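Notes follow once the structure below has been shown.
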Protein chains: 2
Amino acid sequence: MTEPRATLDMLGRSALISVPAAQQILLDHLAGSTVDVCSLPLAEAFDRVLAQPVAAPEDLPAQARSTMDGFAVRAADTFGASESMPCYLSITGEVAMGTAPTLSVDRGCCLRIPTGGLLPAGADAVVMLEHTVPVDESLVEMVKGVGAGSNLIQRGEDIRAGDQALPAGRLLRPQDIGLLAGLGIATVTVYRRPRVAILATGDEIIPHEGKPQPGQIRNINSLTLAGLVRRAGGLAVDCGIVSDRRDLFLPAITRAVAEHDMVLFSGGSSVGARDLGEEVIAALGPPGILVHGVTLKPGKPVLIGMSGTTPVFGLPGHPVSAMVCFDYFVAPALHRLAGREVPPPLPETSLPARLSRNTNSAAGRRDVVRVRLVADGDGWLAEPVPGKSGSISTLSRAHGYFEIDEASQGVPENSTVKVFLYR
Amino acid sequence: MTEPRATLDMLGRSALISVPAAQQILLDHLAGSTVDVCSLPLAEAFDRVLAQPVAAPEDLPAQARSTMDGFAVRAADTFGASESMPCYLSITGEVAMGTAPTLSVDRGCCLRIPTGGLLPAGADAVVMLEHTVPVDESLVEMVKGVGAGSNLIQRGEDIRAGDQALPAGRLLRPQDIGLLAGLGIATVTVYRRPRVAILATGDEIIPHEGKPQPGQIRNINSLTLAGLVRRAGGLAVDCGIVSDRRDLFLPAITRAVAEHDMVLFSGGSSVGARDLGEEVIAALGPPGILVHGVTLKPGKPVLIGMSGTTPVFGLPGHPVSAMVCFDYFVAPALHRLAGREVPPPLPETSLPARLSRNTNSAAGRRDVVRVRLVADGDGWLAEPVPGKSGSISTLSRAHGYFEIDEASQGVPENSTVKVFLYR
């Protein structure tokens, strides 16, 4: 672990690059790499990514409908009607829900119509019930005139046949599924979920259910990463704990690369473990290592590589560092593989909060500071959660984090910071 | 559909109450109502709600560990060491990963130690590799002194045996699962997911895969609501399309109440459909109808009731109104049934945006305005998405919404609004 090359690598910062530079290199190498597509019934497509744009096959709605309870009229018959000078129309019948109207509206006449009822022939507007006064069963007083098209949704007003309903790359939200249902689309072509292999490396790691002997530690990262993969739209595949002996580790990673769309391994944060990670990624074949560490705290020793078109991430062993690296590098790569727009069309939202104490950083490095939020008058106080990056409880106690960017050497107490929430 | 009682009910606002009042009535009636609990292996508990607090069964870490690659030392041996006046220590061996150290650190001596290595007996600190200069295999120069405890994580520093690791009601995020894994917790007690029956009512509604005849419309709401239920942590059960004839509708709802934890039906927005909804909720038995409509646009005609301890929601038939009512009323009720903290411990985050045009509202009513976001210099422009509440495409085109509260009659162009994103 103390070989000069390794020592130099940790000491000299020449190998470290900035977070945006590392993200760019990674995404450039993933350009055009997406997983295969599959066809799914609409009811199963929720939260999947659309692989092809969908055009509306027909007008929605197919016919003009009333948007109010009231009377279907010829608008011209009501022109100028008011409380003081109402007009009177003969009620010649009623539009029923669920069937085509059989009656039409003649001059001086109207039909009762419920919300959602189809506009009958002859009518071009609806007068709301609230603007009418009943006279008797066959006569109604209109106390407000309407223009043609009032209180209607026109044929194709929601969406027209041939118009794009949804673009490719859209993560299907509940309302997107609703739109497709409204258009009668029964199956959709979506990307399958990327399969992500998760390996924990290190002879000291034991399954979390086990009882550690002195020097052993439980596997925290595999489950944490599985949860993060799931939230990012992937299918996590737990490939277990692998020895950090090269002769065992390399075959295990090679197999993982062959069988999955992405591979994550998390290892010790020692120089020795990091060297082995680099060696193994390099041995997987070109393009090999893309990023040898970043100017990020925590998360500096992250390794990013590719074997063919499969991204391979060597994440730091400390759970906090592993999660930070996931958010900055793994999640965007997973979104790209999954066919989603990268960068996302909308920014991550945040909560402004008042920082409870001076927080230092180093220029040229991005710091990710975990905070707990406490109500503070009408706003929120962000209290940095003390604790080392090996401490998983700091992540569990934190409500979110803020960033101190590369240009800054710290943030003074009482500054307003943008807190990104852990959800 | 034009009976005087019903007309009066839609005209007279006496039956409408504010959104916060309706939420309070609903949540008061749900106090203490949660679904049953079950026991799950930790790997399956992601995104479930913890039913009991979890205390740490042991110290984490179980023993002091190094957080750096370097040398385990007696801190006193390094006091005062500096670049200009280094101290020298004899290297008497190495701490290996994964096993208890067999060697101890004597005065004037040190052991090589990797990140994560257990602190050997005799040592009380670690000097980072970066602050040392190798002399030979058995001697190292220390160019910086350390205090006791430096570069270590102490036994129990992450969390102490007996301390609360997680509170009841916590939605288990990836890092919470990680913390439980670190503590060796193999199974957890969580609430089961609430089962939510979804019915679409109306003789004009047909399955979305079908071909509508004139006057018929496809079922949009059942799938949209299923997606929303899933996002809110429930299990959506599609109970199909039910006639709005009372003799068919009441038995269907009665069965749904008996077999589920919550019932949602969405019906036409006509007075007749609304009357039937009220009648049926009342007929299900006490406490019956709790809320007969709210001062909310869209969403005014929502019906909220309870049959015994089962909440029953009559949602407007218009998809936009149904989704707004889901967000304001169904989601908080579902969270309470699911055992989650209500109101949530943290606010929903939003994105500030500049409003593209004057947007009117009525005093005494909350308006929910769907917007599309467009990049606008460094910020965002919020463009209201025109379209009626029956238009599902407006929801699909919208990135989110902002609220115009009860006290306001509108928001002028160029105001900054808080946009809540649809994710």
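Please report the base-10 log of the normalised intensity I(q)/I(0) for the range B:189-314, using a Debye sum with one equal scatterer per alpha carbon and no solvent, at each q in 0.21 (1/Å).
Relative scattering, expressed as log10 I(q)/I(0), comes to -1.30.
Under 10 Å, Cα contacts only: if you run a Gaussian network model on chain A, which one of A:LYS297, A:LYS388, A:LYS144 comes out with the highest mean-square fluctuation?
A:LYS144
If you take each beta carbon of peptide A:226-232 and count the beta carbons of other chains within 10 angstrom, what is the mean?
Working: counts 5, 11, 5, 1, 3, 4, 0.
Mean shielding by partner chains, rounded to a whole number: 4.
Inter-copy label distances at B:LYS211, 7 Å along the Cα→beta-carbon direction, one decimal in nm, shortest first?
Result, one decimal in nm: 7.0.
Using helices alone, what [θ] at 222 nm do you get for chain B, with -39,500 (n - 2.57) per DSSP H run of 4 or more residues, divided over all residues and rounded to the nearest 500?
Numbers: 10 runs with 91 residues, N = 423.
That comes out to -6000 deg cm²/dmol.
On full extension of the chain, what length is gained from B:ASP405 through B:ALA15, given 0.36 nm per residue of separation minus the C-alpha to C-alpha distance?
On the way: separation 390, 0.36 × 390 = 140.40 nm, distance 1.94 nm.
Gain in length upon complete extension: 138.5 nm.
Using the alpha-carbon atoms, what tilt in degrees (0 to 90, nearest 10) does helix A:221-231 show relative to the longest principal axis of chain A?
Around 20 degrees separate the two axes.
Sort B:HIS208, B:HIS29, B:HIS260 so that the residue with the fewest other Cβ atoms within 10 Å of its own Cβ comes first and the one with the most comes last.
B:HIS29, B:HIS260, B:HIS208
Counting other beta carbons within 10 Å of each residue's own, what order do B:SER356, B:SER391 fall into, fewest first? Intermediate results must be reported in sequence, preceding the final value.
On the way: B:SER356 16, B:SER391 25.
The order, fewest Cβ neighbours first, is B:SER356, B:SER391.
Over chain A, what is the mean sequence separation of C-alpha contacts under 8 Å (at least six apart), divided by residue count, expressed as relative contact order in percent? Don't skip to the answer; put the middle values down first.
Values: 958 pairs, mean separation 69.0, N = 423.
The value is 16 percent.
So for the protein assembly as shown, considering every pair of alpha-carbon atoms, how many percent are separated by more than 54 Å? Don't skip to the end; give the middle numbers.
Numbers: 83404 of 357435 pairs.
Percent of Cα pairs beyond 54 Å in the protein assembly as shown: 23.
Give me the net charge of B:ALA64's neighbourhood, meaning all other residues with Cβ under 10 Å from the Cβ of B:ALA64; Lys, Arg count +1, Asp, Glu -1.
Values: positive: B:ARG65, B:ARG155; negative: B:ASP124, B:GLU157.
Net local charge, B:ALA64 excluded: 0.
Enumerate the calculated ³J(HN,Hα) couplings along the range B:206-219 in order (Karplus 6.51 cos²θ - 1.76 cosθ + 1.60, θ = phi - 60°), each rounded to whole Hz, writing x wherever the residue is Gly or Pro.
Per residue, the Karplus-derived 3J(HN,Hα) values read 10, x, 5, 6, x, 10, x, 7, x, x, 8, 9, 6, 6 Hz.
Tell me the distances, shortest first, between B:LYS144 and the same position across the other copies, using label points 7 Å along Cα→Cβ, in nm to one decimal.
Nearest first, the other copies' label points are 7.5 nm away.
The range A:346-423 to the range B:207-240: how many Å between their Cα centroids?
One Cα centre to the other: 41 Å.
Please find, in a Gaussian network model of chain B (springs between Cα atoms separated by less than 10 Å), the residue of B:VAL188, B:VAL291, B:VAL411 whose mean-square fluctuation is greatest.
Top of the fluctuation ranking is B:VAL411.
Measuring from a point 7 Å out along Cα→Cβ, what nm distances, shortest first, does B:PRO286 have to its partners in the other copies?
Nearest first, the other copies' label points are 8.0 nm away.
If you fit an axis through the alpha-carbon atoms of helix A:19-30 and take the longest principal axis of the Cα set of chain A, what angle between them do you get, 0 to 90°, nearest 10?
Relative to chain A, helix A:19-30 is tipped by roughly 70 degrees.
Taking the Cα centre of chain A as origin and charging only Cβ (+1 Lys, Arg; -1 Asp, Glu), how large is the dipole, in debye to the nearest 20? Before the final figure, lay out each step's value.
Numbers: 37 positive and 44 negative charges, 302 e Å.
Once rounded to the nearest 20, the dipole reads 1440 debye.
Looking down the axis that turns A into B, which residue of A has the closest beta carbon, and how many Å out?
That would be A:THR349, 2.
For the range A:65-153, divide the Cα radius of gyration by the Kirkwood radius and give the resulting Rg/Rh value with two decimals. Walk me through the numbers on the way to the answer.
Values: Rg = 11.3 Å, Rh = 12.3 Å.
Taking Rg over the Kirkwood Rh, I get 0.92.
Would you report the distance distribution of C-alpha pairs in the range B:351-421 as whole percents per 10 angstrom bin, up to the bin with the largest distance?
23, 53, 23, 1
Please give the FRET efficiency for A:ASP163 paired with A:GLU341, using the beta carbon to beta carbon distance and R0 = 25 Å, rounded to the nearest 0.05.
Working: r = 20 Å, r/R0 = 0.81.
For R0 = 25 Å, the calculated efficiency reads 0.80.
Just to confirm a number: summing +1 for Lys and Arg and -1 for Asp and Glu over residues other than B:MET128 whose beta-carbon lies under 13 angstrom from that of B:MET128, what do you get?
Summing Lys and Arg as +1 and Asp and Glu as -1 gives 0.
Of A:TYR191, B:TYR88, A:TYR422, how do they rank once you tally other Cβ atoms within 10 Å and put the fewest first?
Lowest to highest Cβ neighbour count: B:TYR88, A:TYR422, A:TYR191.
Which FRET efficiency, nearest 0.05, do B:SER243 and A:ALA375 yield, Cβ-Cβ r, R0 41 Å? Numbers along the way, then the final one.
Details: r = 49 Å, r/R0 = 1.20.
Plugging the Cβ-Cβ distance into 1/(1 + (r/R0)^6) gives 0.25.
To the nearest whole number, what is the average tally of beta carbon atoms from other chains within 10 Å of the beta carbons of peptide A:179-191? Spell out each step's value before the answer.
Working: counts 11, 5, 12, 13, 5, 8, 3, 4, 1, 0, 0, 0, 0.
Mean shielding count: 5.
Two decimals, Cα atoms only, Kirkwood Rh: what is Rg/Rh over the range A:17-62? Please report the intermediate quantities before stating the final value.
Values: Rg = 17.5 Å, Rh = 14.4 Å.
So for the range A:17-62, dividing Rg by the Kirkwood Rh gives 1.21.
May I ask for the angle, rounded to the nearest 10°, between helix A:271-283 and the longest principal axis of chain A, with both axes built from Cα atoms and the value confined to 0 to 90°?
Rounded to the nearest ten degrees, it is 70.
Quick check: convex hull over the Cα atoms of chain B, volume per residue in Å³, rounded to an integer?
Details: hull volume 88.7 nm³, N = 423.
That works out to 210 Å³ per residue.
Which ³J(HN,Hα) values in Hz, rounded to whole numbers, follow from the phi angles of the range A:367-372 under the Karplus curve 6.51 cos²θ - 1.76 cosθ + 1.60, where θ = phi - 60° and Gly and Pro get x?
Each residue's phi maps through the Karplus curve to give 9, 10, 10, 6, 9, 9 Hz.
Enumerate the amide H contacts of B:ALA121 below 5 Å, restricted to partners 5 or more residues apart or on another chain; note that Pro and chain-start residues carry no placed amide H.
Long-range HN contacts for B:ALA121: B:VAL105.
Sequence-distant or interchain residues sharing an amide H contact under 5 Å with B:ARG366, placed H: which?
HN-HN under 5 Å from B:ARG366: B:LEU296, B:LYS297.
Given a Förster distance of 56 angstrom, what is the FRET efficiency for A:THR189 paired with B:ASN414, based on the Cβ-Cβ distance and rounded to 0.05? Spell out each step's value before the answer.
Details: r = 42 Å, r/R0 = 0.74.
So, using R0 = 56 Å, E works out to roughly 0.85.
Find the centroid of the Cα atoms in the range A:107-150 and in the range B:316-336, then give the distance between the two in whole Å.
Cα centres, the range A:107-150 to the range B:316-336: 31 Å.
Report the label-to-label distance for A:ASP36 and A:GLU130 in nanometres (one decimal), using points 7 Å from each Cα along the Cα→Cβ vector.
5.6
FYI, it's all coordinate maths here, none of it is from the lab. As the structure is a prediction and not an experimental result, all values here were calculated from the model. All Cβ positions, glycine included, derive from the backbone under ideal geometry; neighbour counts span all protein chains shown.
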